[in-house]
Amino acid sequence: SLFQSPSHPLLSVSFSISSLHLPHSSHLLTYSPSVMLEFLPLFLLPYLAFSQDDPVEVFPTPYPAFRDPLLGDELLMVQVVWRHGDRAPTMTFPTDPHQESAWNYGWGELTELGMRQQYALGRLIHNRYINGTYHFISPRYAPKEIYIRSTDVNRTLISAYSNIAGMFSEGQKGMDYPSHERWPSFWTPVPVHTFDQNDDFEGNVFAPCPRANEILDQLKASAEYRKLYSDNEKFLSFLSEKTGMNVDLGNAYLINDALYIERIYNMTIPAWFTPEVAGRLLNLTREANQFIYGIGKPYSPELIKLRGGPMLKSINEIFRHKLSCHMRKNQGENCNWIGPLKYYAYSAHDTTVAALLSTFGDERRVIRGGLPHYTASVALELWNLADIGPAVKILFHGAFHHNYHTITHLTKGCPSNDEYCPFKTFTARSTRFEPKDIRKECKPRIPVETNRVAK
């Protein structure tokens, strides 16, 4: 059948019982029929929220040479970092008629749609690692195989629980969960671990870090940042007048975020927010964000290290530990936890995913069109390959209506035509972006001038 939107003539979705093809994606999706039928409305919603005039950046992406599996290839571990699902705006501007009361749970909370999106991602992970390609993880929750971590924020915690509900839906009544008639069907409780926001440098890229603030201030003083401001000064003044708040390069994204979400929910959008204004604001948000992560001009490897480095380091340390114990056949006390562990997941934010991608290379070539969308995720697989030994395969899931696809070849320092990166190569190219001691490296370096009071 064919869905055609009269207000969006370029939007059409062809659907069959086994696959869904979206014209804005270069990938043919192969979700199971039951998942397709259950979540079809979710696939259509984001496309109805955009017009064909929305600006989209396209970065040519070469495909790697795919390697045929060899006898002896072994998947050792998987780590996944995902963004939460659909949420309410975290705030809005004073003149917006849709204030916090317009949202069921209030500012920044995960919506019912967001729960369903994460459930769909959980099913996708299930189909890849449990009942699909690899049969790697046990279909019923096994505590020693799974570790789920989340930032200490409601929307990421609930996203984790929703994801797990989709991933583990084959538990046995009376064993994995109570047989009580009022217990939710097929729901197996799985623990989600969290840390204080101020100490969670892996998940919260804006955890207190004075040195990062110093670098950002230096970038804001650069000729490139000043030019971006001067080129958009009148536009920012226009936004300030219309929104009733002082809009600058640092907070313009909040306007874009609020109106983007309101448009998804078919709320009334201000007349001044024309397609031209929306496009310019989106592009401005993207350009300003490059300074936040240190990936623009001036390029700042130190800021990349402080923002995305803690997550990269954590991933590599866990892989090193896993590989070390694997080579020793899991002998030794330090192998009791990592030995049986197969899956480690982080439920976090768009900033977390973007910061991690910035440590790989040009994140825009991966995301191709802006910031990470809801449920966007990075999966890193640790393999022991029969021909090259330990290797990492990196995959990216762009949004809840996408499948995972390989991005290893887009990682700077890894082979540009291969879907696997030798583990030694990956860890060597990562060293530049891994902090040795994040707390020490976050200490300020620029002396604070004290004001002397004349006596």
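The values are calculated or read from the model by the stated rules, or taken from the named source; none is laboratory data. Predicted, not measured: the structure shown is a model, and the values here were computed from it. Here Cβ is always computed from backbone atoms with ideal geometry, including for glycine, and neighbour counts include all displayed protein chains. We work out accessible area using only protein heavy atoms, side chains counted, and drop any ligands, DNA or RNA first. Shrake-Rupley method; radii C 1.70, N 1.55, O 1.52, S 1.80 Å.
Among the residues of segment 164-214, how many are basic (Lys, Arg) and either touching a residue at least 40 places away in the same chain (Cβ under 8 Å) or in a loop (DSSP other than H, G, I, E, B) (or both)?
Selection size over segment 164-214: 2.
Wholly within segment 348-419, which strands (runs of 3 or more DSSP E) include no fewer than the required count, namely at least 1 residues that are crowded, with 24+ Cβ neighbours inside 10 Å and at pLDDT 95 or above?
In segment 348-419, 377-385, 389-397 are the strands (runs of 3 or more DSSP E) which contain 1 or more residues that are crowded, with 24+ Cβ neighbours inside 10 Å and at pLDDT 95 or above.
Is there a residue in segment 238-245 that is part of a helix (DSSP H, G or I), open to solvent by less than 30 Å² (accessible area, probe 1.4 Å), out of contact with any Ser or Thr (no Cβ under 8 Å at 6 or more places or on another chain) and of a type in the set (D, E, K, R)?
Scanning segment 238-245, I find no residue that is part of a helix (DSSP H, G or I), open to solvent by less than 30 Å² (accessible area, probe 1.4 Å), out of contact with any Ser or Thr (no Cβ under 8 Å at 6 or more places or on another chain) and of a type in the set (D, E, K, R), so the answer is no.
Identify, by number, the condition in (1) exposed (fewer than 14 other Cβ atoms within 10 Å of the Cβ); (2) in contact (Cβ under 8 Å) with a residue 12 or more places away in the chain; (3) charged (D, E, K, R) that GLU287 doesn't meet.
For GLU287, the failing item is (1).
Exactly one condition in (1) out of contact with any Phe, Trp or Tyr (no Cβ under 9 Å at 6 or more places or on another chain); (2) surrounded by 19 or more Cβ atoms within 10 Å (Cβ to Cβ) is false for PRO275; which is it?
For PRO275, the failing item is (2).
Of the conditions (1) farther than 18 Å from ASP350 by Cβ; (2) part of a loop (DSSP other than H, G, I, E, B), TRP107 satisfies every one except a single condition; which number is it?
Failed condition: (1).
Filter segment 177-207 down to the residues that are of a type outside the set (Val, Ile, Thr), touching a Phe, Trp or Tyr at 6+ places or on another chain (Cβ under 8 Å) and closer than 19 Å to ALA345 by Cβ and list them by number.
Those that are of a type outside the set (Val, Ile, Thr), touching a Phe, Trp or Tyr at 6+ places or on another chain (Cβ under 8 Å) and closer than 19 Å to ALA345 by Cβ: TRP187, PRO189, HIS193, GLU202, GLY203.
When you look at TYR47, is it open to solvent by less than 60 Å² (accessible area, probe 1.4 Å), among the aromatic types (Phe, Trp, Tyr), modelled with pLDDT under 95 and not in a loop (DSSP other than H, G, I, E, B), yes or no?
Answer is yes for this residue.
Pull up segment 73-88, narrow it to residues that are part of a loop (DSSP other than H, G, I, E, B) and among the charged types (D, E, K, R), then point me to the one that is surrounded by the fewest Cβ atoms within 10 Å (Cβ to Cβ).
Residue satisfying both the conditions and the ranking: ASP73.
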